[in-house]
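Data block below; observations after.
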Amino acid sequence: MKTIMKRLAILMMALLTLVVSSTVTFADTVKITNANEARNAVVWIKVPAGDVYYSGTGFAIGDPNEPVEYIVTNAHVVTIDDKGTIGSKVLVYFSEAQNDYVITTIYKVDQQKDIAILKLPEPTTKRTALVLCPSDEVDMNGEVTALGYPSMSDKLNDNRKHDMNDITVTRGIISRKYHENSRMRSMYQIDAYINHGNSGGPLVNAKGEVIGIASGGIEGEANVNEAICIDELINLVSREQVNYVLSTDAAPFDPTPIIIVAAAVVVVAAAAVVVVIMMKKNKGQSAPAPVSAAAPSKAAAPASNSSASPVIICEKGLLAGRSFPIGASVIIGRNTQKCTICFPVDAKGVSGVHCEIRKSANGYEIIDRGSSYGTTLGNGQKLTANVPVAIPNGTYFMVGSAEQLFQIKY
């Protein structure tokens with residue numbers, strides 16, 4: 001008996017150590033919470049072209065808790081002539097002084113919007129991804145910060161390292177938001193100073209969330225500069241299935257620590273039961289008879305899909321096999337703060353707040369909430385954003401694509 005108790009104690013200590021070490025690991029994740037910390041996302045970009053080279057700035061996007069795989073910059077940073085020719089080699093530098101760089105792949109270029117997405121040869125932890133802040137969430141009266149590698153700074157320092165410590169930071173405000181008709185894009189006019197070399201760098205808010213991409217200014221006008229609204233990038237990465245996190249989304253939830261704790265509790269509890277049984281046997285008592293599996297009581301039975309219990313059933317996709325009660329209203333999307341039915345934060349094609357199903361006078365109606373990929377009924381009808389459509393009992397609908405298929409029953 002002493003041997004069993006000793007082994008149980010050792011097991012409990014080992015599990016406790018595992019839980020603590022796992023918790024520490026997750027606590028060490030790099031977080032960007034202000035404009036200065038956004039430096040951790042910025043890189044220097046160099047594009048050789050014969051005897052010369054072009055350069056600019058870029059920044060990392062993706063899940064801030066995961067290694068970085070994609071870098072965003074301006075299309076004109078990776079273009080080497082007026083014909084729109086992309087450089088044959090685009091280098092992303094983490095530190096030029098240490099010759100620490102990688103050769104990237106051009107993942108997507110939108111010349112009209114002046115946005116380029118670069119893919120690293122392999123994910124890296126040398127930078128942290130920035131969270132994207134849509135324009136309707138931007139504080140138009142708040143301070144903004146531009147980060148990058150302006151070429152004018154090279155004239156002040158002949159020992160440039162082009163690492164995080166070399167990043168130039170300029171601050172200002174948003175003068176106005178406007179739509180550039182010739183290029184069909186939304187822009188910010190800012191008074192934060194930017195220069196050649198700042199192109200492609202992030203414009204961030206006080207929380208370090210990127211709200212725009214620095215793109216240029218008027219020659220000789222230091223206080224009249226412009227940045228591309230981050231909405232243009234959000235639309236592009238949504239179409240291209242590139243992972244990103246919005247400021248309106250909750251931080252990605254990682255259940256691993258909870259799973260470890262739960263497993264530890266189960267194992268220890270099982271071991272304790274074994275010890276109790278063996279102690280009773282040693283005292284001449286028989287172990288308790290196993291409890292037979294009784295039929296579940298009516299109180300424990302799952303609710304039926306009757307008219308008294310309206311439900312939404314996921315027939316196909318990431319939530320397949322699950323059903324959700326409707327009530328007066330249900331919101332579907334990735335934002336755990338606003339949605340009743342929540343997809344994983346990295347679910348492709350599903351917006352933060354995608355669509356809503358709500359009770360109406362004659363049953364239920366569905367409303368697309370301005371999602372990027374849309375909401376489609378089973379009959380092929382694609383919903384117009386923010387226009388409610390009545391859905392009869394048994395209607396199928398798709399969230400983003402046919403891969404995420406639901407049915408309503410009431």
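The values are calculated or read from the model by the stated rules, or taken from the named source; none is laboratory data. Just so it is clear, the structure is predicted and the values come from calculations on it, not from any experiment. All Cβ positions, even for glycine, are placed from backbone atoms using ideal geometry, and neighbour counts span all protein chains on display. The protein model used for the area step is the full one, side chains on, heavy atoms only, and it has no ligands, DNA or RNA in it. Shrake-Rupley method; radii C 1.70, N 1.55, O 1.52, S 1.80 Å.
What residue, among those in segment 359-410 that are open to solvent by 50 Å² or more (accessible area, probe 1.4 Å) and not in a loop (DSSP other than H, G, I, E, B), is modelled with the lowest pLDDT?
Selected residue: Lys382.
Give segment 39-62 a look and list any residue that's of a type in the set (A, V, I, L, M), surrounded by fewer than 20 Cβ atoms within 10 Å (Cβ to Cβ) and farther than 19 Å from Met152 by Cα, or say none.
Residue satisfying the conditions is Ala49 alone.
Considering segment 63-101 alone, what residues qualify as being surrounded by 18 or more Cβ atoms within 10 Å (Cβ to Cβ), free of Cβ contacts under 8 Å to residues at least 60 places away in the same chain and among the aliphatic types (A, V, I, L, M)?
Those that are surrounded by 18 or more Cβ atoms within 10 Å (Cβ to Cβ), free of Cβ contacts under 8 Å to residues at least 60 places away in the same chain and among the aliphatic types (A, V, I, L, M): Ile71, Ala75, Val78, Ile80, Val90, Leu91, Val92.
Just to be sure I understand the filter: pairs with C-beta atoms under 8 Å, separated by 6 or more residues or on different chains, first member in segment 132-154 and closer than 23 Å to Asn195 by Cβ, second member at pLDDT 95 or above and in a helix (DSSP H, G or I). Which pairs pass?
Here the result reads Thr145/Ala38; Leu147/Ala38; Leu147/Arg39, each pair linking segment 132-154 to a residue that is at pLDDT 95 or above and in a helix (DSSP H, G or I).
Looking at segment 372-385, I want the residues that are under 22 Å from Pro134 (Cβ atoms) and have a partner that is in a strand (DSSP E or B) and among the acidic types (Asp, Glu) with Cβ atoms under 6 Å, at least 6 apart or on another chain. Which pairs are those?
Thr375/Asp368; Leu383/Asp368; Ala385/Asp368
If you check Thr376, Thr340, Thr336, Thr384, which single one turns out to be farther than 18 Å from Ala320 by Cα, β-branched (Val, Ile, Thr) and touching a strand residue (DSSP E or B) at 6+ places or on another chain (Cβ under 6 Å)?
Numbers: Thr376 fails: farther than 18 Å from Ala320 by Cα; Thr340 fails: farther than 18 Å from Ala320 by Cα; Thr384 fails: touching a strand residue (DSSP E or B) at 6+ places or on another chain (Cβ under 6 Å).
Going through Thr376, Thr340, Thr336, Thr384 in turn, just one is farther than 18 Å from Ala320 by Cα, β-branched (Val, Ile, Thr) and touching a strand residue (DSSP E or B) at 6+ places or on another chain (Cβ under 6 Å): Thr336.
Tell me, which residue of segment 107-119 that is among the aliphatic types (A, V, I, L, M) and touching a strand residue (DSSP E or B) at 6+ places or on another chain (Cβ under 6 Å) is surrounded by the most Cβ atoms within 10 Å (Cβ to Cβ)?
Narrowing segment 107-119 to residues among the aliphatic types (A, V, I, L, M): 109, 115-118.
Going one step further and asking which of them are touching a strand residue (DSSP E or B) at 6+ places or on another chain (Cβ under 6 Å), we end up with 109, 116-118.
Details: Val109: 19, Ala116: 29, Ile117: 23, Leu118: 26.
Selected residue: Ala116.
From the list Gly284, Gly352, Gly321, exactly one residue is at pLDDT below 65, open to solvent by less than 80 Å² (accessible area, probe 1.4 Å), not hydroxyl-bearing (Ser, Thr, Tyr) and not in a strand (DSSP E or B). Which is it?
Numbers: Gly352 fails: at pLDDT below 65; Gly321 fails: at pLDDT below 65.
From the options Gly284, Gly352, Gly321, the qualifying one is Gly284.
Identify, by number, the condition in (1) aliphatic (A, V, I, L, M); (2) open to solvent by 70 Å² or more (accessible area, probe 1.4 Å); (3) in a strand (DSSP E or B) that Val330 doesn't meet.
Of everything listed in (1) aliphatic (A, V, I, L, M); (2) open to solvent by 70 Å² or more (accessible area, probe 1.4 Å); (3) in a strand (DSSP E or B), Val330 misses just condition (2).
Might you let me know whether segment 65-74 holds any residue that is more than 28 Å from Ala206 (Cα to Cα) and acidic (Asp, Glu)? Working first, answer last.
Step one: filter segment 65-74 for residues more than 28 Å from Ala206 (Cα to Cα), giving none.
Scanning segment 65-74 turns up no residue that is more than 28 Å from Ala206 (Cα to Cα) and acidic (Asp, Glu).
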